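Reading through the structure tokens given below for one structure.
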Amino acid sequence: MPTLTVPAKTDQLDTVIAFVNETLDRGNCPAEIRFRVELAVEEIFVNIASYAYFPGEGEAEISCALREDTGELELRFADWGKAFDPLARPEADTSREATLNREGGLGLFLVKKTMDRVRYVREDGRNVLTVTKGLRN
């Protein structure tokens, strides 16, 4: 699976999205699905850059592959930051009042809604979040 390792800094987001888009281009990904994938990539990577190593610095490793047999894109985001299972958090309250007074959590809600599968493991001292999205309409 092709892998990109970058500093976990928000200024690397364009590099990460370009890396993922190379695979989406090979898979002839429809524009609507590409938008959803890019949204998920942005949410996940910005969270890693903002929180995984705070107040220090570290790296993020992004792996991306198109599964020819299923027509699915698999993305894996890994960091060596503080242990954090984003799936253990309660489901985001999307009511109008909660959204207006929100302190985070909506990004993961969007990832769960836009991707087909989202999975987290703590493995070898790393946080590993894997998301999968079908590219066929």
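In this structure, is residue 136 modelled with pLDDT of 95 or more, loosely packed, with under 12 Cβ neighbours inside 10 Å and under 22 Å from residue 2 (Cα atoms)? Spell out how you get there, then give the answer.
Numbers: modelled with pLDDT of 95 or more: no; loosely packed, with under 12 Cβ neighbours inside 10 Å: yes; under 22 Å from residue 2 (Cα atoms): yes.
For residue 136, the condition - modelled with pLDDT of 95 or more, loosely packed, with under 12 Cβ neighbours inside 10 Å and under 22 Å from residue 2 (Cα atoms) - is not met.
Considering only residues of the stretch 61-84 that are over 25 Å from residue 15 (Cβ atoms) and either in contact with a Lys or Arg (Cβ under 7 Å, 6 or more places away or on another chain) or among the polar types (S, T, N, Q) (or both), which is modelled with the highest pLDDT? Give the derivation first.
Let us first name the residues in the stretch 61-84 that are over 25 Å from residue 15 (Cβ atoms), namely 68-71, 83.
Then keep just the ones that are either in contact with a Lys or Arg (Cβ under 7 Å, 6 or more places away or on another chain) or among the polar types (S, T, N, Q) (or both); that gives 70-71, 83.
On the way: 70: 88, 71: 89, 83: 95.
Here the residue is 83.
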* Structure fact -> Restricted to the stretch 29-81 and to residues being buried (at least 21 other Cβ atoms within 10 Å of the Cβ) and of a type in the set (Val, Ile, Thr), the residue farthest from residue 7 (Cα to Cα) is 37
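Restricting to the stretch 48-77, give me the number of residues that are assigned to a helix (DSSP H, G or I) and touching a strand residue (DSSP E or B) at 6+ places or on another chain (Cβ under 9 Å). Please lay out each step first, then the result.
Start the filter on the stretch 48-77 by keeping residues that are assigned to a helix (DSSP H, G or I), which leaves 48-52.
Checking the rest, the ones that are also touching a strand residue (DSSP E or B) at 6+ places or on another chain (Cβ under 9 Å) come to 48-49, 52.
Of the residues in the stretch 48-77, 3 are assigned to a helix (DSSP H, G or I) and touching a strand residue (DSSP E or B) at 6+ places or on another chain (Cβ under 9 Å).
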* Structure fact -> Checked the stretch 1-21 for anything part of a helix (DSSP H, G or I) and in contact (Cβ under 8 Å) with a residue 12 or more places away in the chain; matches are 10, 12, 13, 16, 17, 19, 20, 21
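The values are calculated or read from the model by the stated rules, or taken from the named source; none is laboratory data. The model shown is predicted, which means the values in this text are computed figures rather than measured ones. Glycine also receives a Cβ, built like all others from the backbone with ideal geometry; neighbour counts cover every protein chain displayed.
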